[in-house]
Amino acid sequence: MNTKRILLGLTLCVLGTACNNNTEINPEIDKGSDIEVTLETPNENDADYNWDDSVATHITLKNSAIEISGEGATYAGSVVTITNAGTYNISGVLENGQVIIDTQDTENVNLIFNSLNICNNTSSAVSIANAAKVVIQLKENTENYLSDGASYSSTDEKNATFYSKADLSFFGTGKLTVNGNFQDGIVSKDGLIIENGNFVVNAIDDAIRGKDYVLIHDGSFNLVAGGDALASDNDEDETRGYVDIRNGEYSISAGADGIQAITVLSIENGDFDITTGGGSSQVISNTSSAKALKAGVKLALSGGKFNINAADDALHSNQFLTLNDGTFIIATADDAVHADEDLLINGGNITISKSYEGLESKSITINDGSIWISSSDDGVNAADGSSTSFGGGGNSGSASVFLIINGGYLVINSSGDGLDSNGNIQMSGGTVIIYGPTQRNNGSLDYDYTFSMDGGTLIAAGSSGMMQGPSSGSKQLSVALKLNQTVSAGTLFEITDSQGNEVICIKPLKDYQSVVYSGPNFSSGTSYVYYLGGTSTGIDKDGIISGGQYSGGTKSGTFSL
């Protein structure tokens, strides 16, 4: 390649149509993700986990025989029925039997799982028909097993190995293994709370489900589900249907969604390894859902470690998504982070090794965080959700669509547009580095109204066919250079002032024919020189070369701002 033939193309605003539109961003609209949703208070208090087990009724299971010592429980054949509130210590093995709780008392039923193994071939192993609340202690240093059969009686309304129509709570340090051979593993038709414990659930359909809510304080979870791994599914009351996770370790393999809530999914801390739909190498139908984390109203994440391999969106909300902190390693066949209405990123460390689109929402605000994106289409896409914008580019501009970058560190390696907004873009801080696209029908920057570049550092190297730069009304100076031929990936690009002081040196990860740069080190009225090729002794971080000495490049053009 003859680098001497590469000439200066355009400076500042590249396409006058985009730059001359004066539509401004509404500064109040980016607060949508901070929405607070009123939720039902969970039925929980400290007394649930502090009770005297010395007065417990003992139920000993001896294969097909049963022994009961104490009051409140009876048996007939291989079925134990608990009819009174109180504490019950259950141990032993029960073949093709069942434990039923059916009480009208207003106090809790407390169960101690003390090395029990219950199998029922035609129904649930444990069935709670009625109770104020049932609290299960997984006794320390015990392993407990529940399993059902592949088919239930035609008159049986239950569908889970552990099935409850009452509020249900678990605590203790013991282990519970549940095999859901018919449909689900653990189901509460009211609320479900897990204080701690060690859970292994294998289910034909859902592994763990609470209708009104699922609240997990801590614990260890190994969940394998043909449907959802962990879910709350009350779609009749907007104050219910939520999942709240505070800590714990989670190994999840789900045919459908990993963790999903009809209303709010909130996670603070925890260690998550989630695979959905067979992983990012799979293709699912448009009618299927195999998202890793999914919320109907709001997804809020604060801390935690997430390793996600998803056939569908990794992080998804039908309305609002707020990411405050956490470490995310994501590979997905669809979007990595998607919200239909508003996406707010206040922090976190996000590495997206594979995605269709990296970040997508109607409005996107990035205040902080470190984000690396590899995408087969757009790296960041702000769009209104129409068929011509979400997931497919298009030109359906709207003033209510925007991308705001106030801070953070963002590196994009995209096959489609790097930053794409079907409305406005505003950048006031942080660092954005874009490599790609290489095809002329996309651009590193793509916006329909204005790109107000008011602070921070922007570096974009990609194709030139649909090239745009920041708008001319920006507070910070920019340069957009269109080269007259494609430059090979890895070829250095250097800008210096007329005195030879380095402004920027980059080593693009892809072939490029345009470079857009804006940074605080530009001065009005100053002349600049740019070079191609050569070497540098500086340190390479994400293609940005800092420090060291640049030499051997070819002077390819000059410009003044």
Output for segment 50-67, where each listed residue is among the small types (Gly, Ala, Ser) and not in a strand (DSSP E or B): Ser54, Ala56, Ser64
Failed item in (1) within 25 Å of Ser154 (Cα to Cα); (2) modelled with pLDDT of 95 or more; (3) not hydroxyl-bearing (Ser, Thr, Tyr), with Lys139 passing the rest: (1)
Total residues in segment 309-325, condition part of a strand (DSSP E or B) and touching a Ser or Thr at 6+ places or on another chain (Cβ under 7 Å): 7
Any hit, segment 545-556, residues being crowded, with 22+ Cβ neighbours inside 10 Å, within 30 Å of Gln426 (Cβ to Cβ) and in contact (Cβ under 8 Å) with a residue 12 or more places away in the chain: no
Single residue of segment 282-299 satisfying the filter (of a type outside the set (Lys, Arg) and within 11 Å of the chain's Cα centre (by Cα)) that is surrounded by the fewest Cβ atoms within 10 Å (Cβ to Cβ): Ala295
Residue tally, condition closer than 22 Å to Lys139 by Cα, touching a residue at least 24 places away in the same chain (Cβ under 8 Å) and in a strand (DSSP E or B), over segment 68-104: 14
Unique match (being surrounded by fewer than 19 Cβ atoms within 10 Å (Cβ to Cβ), under 27 Å from the mean Cα position of the chain (by Cα) and not aromatic (Phe, Trp, Tyr)) among Ser444, Ser488, Ser428: Ser428
Single residue of segment 141-158 satisfying the filter (surrounded by 18 or more Cβ atoms within 10 Å (Cβ to Cβ) and polar (S, T, N, Q)) that is nearest to Asn202 (Cα to Cα): Ser147
Index of the failed condition, Thr122 passing every other in (1) within 20 Å of Gly210 (Cβ to Cβ); (2) in a loop (DSSP other than H, G, I, E, B): (1)
Exclusive hit being over 24 Å from the mean Cα position of the chain (by Cα), part of a loop (DSSP other than H, G, I, E, B) and of a type in the set (Phe, Trp, Tyr), set Phe182, Phe171, Phe162: Phe182
Residue that is closer than 12 Å to Gly197 by Cβ and either touching a residue at least 24 places away in the same chain (Cβ under 8 Å) or of a type in the set (Lys, Arg) (or both), where the choices are Lys133, Lys139, Lys158: Lys139
Counted residues, segment 509-537 - those being touching a Gly at 6+ places or on another chain (Cβ under 7 Å), closer than 18 Å to Thr496 by Cβ and surrounded by 17 or more Cβ atoms within 10 Å (Cβ to Cβ): 6
Residue in segment 230-253 that is outside any strand (DSSP E or B), under 17 Å from the mean Cα position of the chain (by Cα) and of a type in the set (A, V, I, L, M) present: no
Number of positions in segment 241-261 that are more than 22 Å from Asn196 (Cα to Cα) and surrounded by fewer than 24 Cβ atoms within 10 Å (Cβ to Cβ): 2
Tally, over segment 135-150, of residues that are in a loop (DSSP other than H, G, I, E, B) and either within 32 Å of the chain's Cα centre (by Cα) or within 14 Å of Gly185 (Cα to Cα) (or both): 2
Matching strands (runs of 3 or more DSSP E) fully within segment 483-561 where at least 2 residues are of a type in the set (Gly, Ala, Ser) and closer than 22 Å to Pro470 by Cβ: 512-518, 554-560
Pairs with Cβ under 7 Å, 6+ apart, first in segment 35-48 and part of a loop (DSSP other than H, G, I, E, B), second of a type in the set (Phe, Trp, Tyr): Ile35/Phe320; Leu39/Tyr242; Glu40/Tyr213; Pro42/Tyr213
Residue satisfying all of: in segment 375-412; touching a Ser or Thr at 6+ places or on another chain (Cβ under 6 Å), surrounded by fewer than 22 Cβ atoms within 10 Å (Cβ to Cβ) and at pLDDT 95 or above; nearest to Asn318 (Cα to Cα) among these: Ser376
Checklist (1) under 24 Å from Gln549 (Cα atoms); (2) under 35 Å from the mean Cα position of the chain (by Cα) applied to Asn521, failing item: (2)
Residues being on the phi > 0 side of the Ramachandran plot and within 44 Å of the chain's Cα centre (by Cα) - total across segment 64-103: 3
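Yes/no per residue for (1) of a type in the set (Gly, Ala, Ser); (2) surrounded by fewer than 24 Cβ atoms within 10 Å (Cβ to Cβ); (3) in contact with a Leu (Cβ under 9 Å, 6 or more places away or on another chain):
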{"site": "Ala331", "(1), (2), (3)": "yes, yes, no"}
{"site": "Asp334", "(1), (2), (3)": "no, yes, no"}
{"site": "Glu341", "(1), (2), (3)": "no, yes, yes"}
{"site": "Asn346", "(1), (2), (3)": "no, yes, yes"}
{"site": "Thr351", "(1), (2), (3)": "no, yes, no"}
{"site": "Glu357", "(1), (2), (3)": "no, no, no"}
{"site": "Lys362", "(1), (2), (3)": "no, no, yes"}
Index of the failed condition, Ile193 passing every other in (1) part of a strand (DSSP E or B); (2) free of Cβ contacts under 8 Å to residues at least 40 places away in the same chain; (3) closer than 21 Å to Lys133 by Cα: (2)
Hits in segment 449-470 - residues which are buried (at least 24 other Cβ atoms within 10 Å of the Cβ) and of a type outside the set (Phe, Trp, Tyr): Thr450, Met453, Leu458, Ala460, Ala461, Gly462, Met467, Gln468, Gly469, Pro470
Answer from Ala314, Ala310, Ala339 - the residue that is within 13 Å of the chain's Cα centre (by Cα), touching a residue at least 60 places away in the same chain (Cβ under 8 Å) and within 29 Å of Thr438 (Cβ to Cβ): Ala339
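The values are calculated or read from the model by the stated rules, or taken from the named source; none is laboratory data. As the structure is a prediction and not an experimental result, all values here were calculated from the model. Glycine gets a Cβ as well: all are built from the backbone with ideal geometry, and neighbour counts include every protein chain shown.
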